[in-house]
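A quick write-up on the structure given underneath.
Nothing in this text is a laboratory measurement; each read-out follows from the coordinates by a stated rule. Model, not experiment: these values are computed from the prediction. Virtual Cβ from ideal backbone geometry, glycine too; neighbours counted across all protein chains shown.
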Ligand code: HEC
């Protein structure tokens, strides 16, 4: 035995060790990346096991949470998967649905609170110019909170079209 080992040239032995290290490194990197992509924070844990159970059979697990949508959307997706042949107990179905709704929710466009917003928020939220955002704040400081879209349109220099374009996202909360 001893003799056979010593008969292997050192360079080959080294190459073998290097290769092993490279493979080990590759595997650990690949595994940790895969883990990081999976939902992993503690609060997300409930439902993760059920998600794996229900959703790995037909496609990669990643596909199951590749989209973001609201509860109706996830309900429809789940029903579609059932139609494709997904088997599930009622309890697992509900757990997974709740998990998806909670962790893969549609991105909500935040409201622009015109009576609280900073100049920057007004600029980005309503695509205002810096001077217009400043004018809104000046007007607000001078005249008190805006009550309606009509109020907002009174701000000197403001373009009514920009206010109209953002009207669904405006909040007049004080
Ligand atoms: C019985 C097989 C099966 C199971 C189990 C399954 N799916 Fe699917 N899923 C499919 C098929 C078939 C498609 C469409 C073809 C494709 O994209 O691979 C799909 C596609 C999707 C898509 C892509 C968007 C779409 O609507 O086509 C999402 C999202 C999805 N599945 C989510 C899930 C979730 C979440 C689960 C677990 C709750 C799940 N799937 C379990 C069969 C299945």
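Overview of results
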quantity	calculated
Exposure proxy order (Cβ contacts within 10 Å, fewest to most) of 86, 81	86, 81
Residue 15 paired with residue 66, simple spin-label distance in nm, labels 7 Å along Cα-to-beta-carbon	4.1
Semi-axis lengths (Å, descending) of the ellipsoid that matches the C-alpha gyration tensor of the range 125-165	15, 12, 8
Per-residue Cβ neighbour rank within 10 angstrom, fewest leading, 72, 98	72, 98
P(r) tail fraction, the range 42-103 - alpha-carbon pairs more than 18 Å apart, %	24
Whole-percent pair-distance distribution, where bins are 10 Å wide, for the alpha carbons of the range 93-174	18, 46, 14, 13, 8, 1
Residue 108-residue 162 pseudo-label distance in nm [points 7 Å out on the Cα-to-Cβ vector]	2.6
Extended-chain gain in nm, criterion 0.36 nm per residue less alpha-carbon gap, residue 172 and residue 143	9.0 nm
Hypothetical label at residue 52: residues of the range 64-108 whose amide nitrogen lies under 16 Å (7 Å Cα-Cβ projection)	64-65, 96
Order of 170, 128 - criterion: other Cβ atoms within 10 Å of each residue's Cβ, fewest first	170, 128
